[in-house]
Amino acid sequence: MRFILLIFLIGLLGFSCVKPRTKNPVPVIEYKEMYHMQKSELTGQDTAVMVIGYEDGDGDIFVDNTSQGPNLIFIPFFYNPATDKFEIERDPITLDTFRITNTIKQPDNGYYKGKSIKGEIYIPLREYRLNDQKKIIKFTGFVSDVKGHKSNIVASPVYTLNY
């Protein structure tokens, strides 16, 4: 009898420590890391992989198709030694803020829609700077879900590029 009671108490203790999944429809993201920051030998462009953690209470952080537009927006900031500040760059074609955008599509034919989800997104990046002279960089960004809820804004650490 004591053995059964002991197993019950251990199980109860184990399940009481588990954090319940969120029901909040506004997505929450976390900047995890950036790796493989390098210049591609094939194309000569900058390449990297950014990892973002996410949690969404209603599972609509992903879009159904690419025509719904980008849902992941990041802005690179470059260090300007003359002003001792981080600044944005303007795209020379649009004269607007240079942004890195991605469209993250719904995996598994919409299986996660309407469900509380949590995980990591691996985002391949290329051309995250317009000018190779920019050597000190950081990123800020957010996610927008299908219903238009914007997540919190996250920021990366400062990276110094040596290429």
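Derivation of every value follows stated rules applied to the coordinates shown; laboratory data play no part. Computed from a predicted model, the values in this text were never measured in an experiment. In this analysis, Cβ positions are derived from the backbone assuming ideal geometry, glycine residues included, and neighbour counts consider all displayed protein chains.
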Taking a crude spin-label model, label points 7 Å out from Cα along the C-beta direction, the T43 to T160 distance in nm is 2.8 nm
Non-local residues with an amide H under 5 Å from the amide H of D60, with H modelled 1.01 Å from N and Pro and chain starts lacking one, are G114
Counting Lys and Arg as +1 and Asp and Glu as -1 over every other residue whose Cβ sits under 13 Å from the Cβ of F139, the net charge comes to +2
Measuring from the longest principal axis of the C-alpha atoms of the chain, the long axis of helix 2-16 (C-alpha) lies at a number of degrees, nearest 10, equal to 30 degrees
Row for the range 61-144, column shape: gyration tensor on C-alpha, a ≥ b ≥ c, rounded if a/c < 1.5 i.e. under 1.5, prolate if a/b over b/c, else oblate; value prolate
If one builds a Gaussian network model of the chain from Cα atoms under 10 Å apart, the most fluctuating residue listed among L130, L95, L42 is L42
Per the chain, sqrt(5λ) over the Cα gyration tensor eigenvalues, sorted largest first, in Å, gives 39, 20, 15
In a Gaussian network model of the chain with springs linking alpha carbons closer than 10 Å, the residue among N102, N71, N80 that fluctuates most is N80
Non-local residues with an amide H under 5 Å from the amide H of T103, with H modelled 1.01 Å from N and Pro and chain starts lacking one, are N71
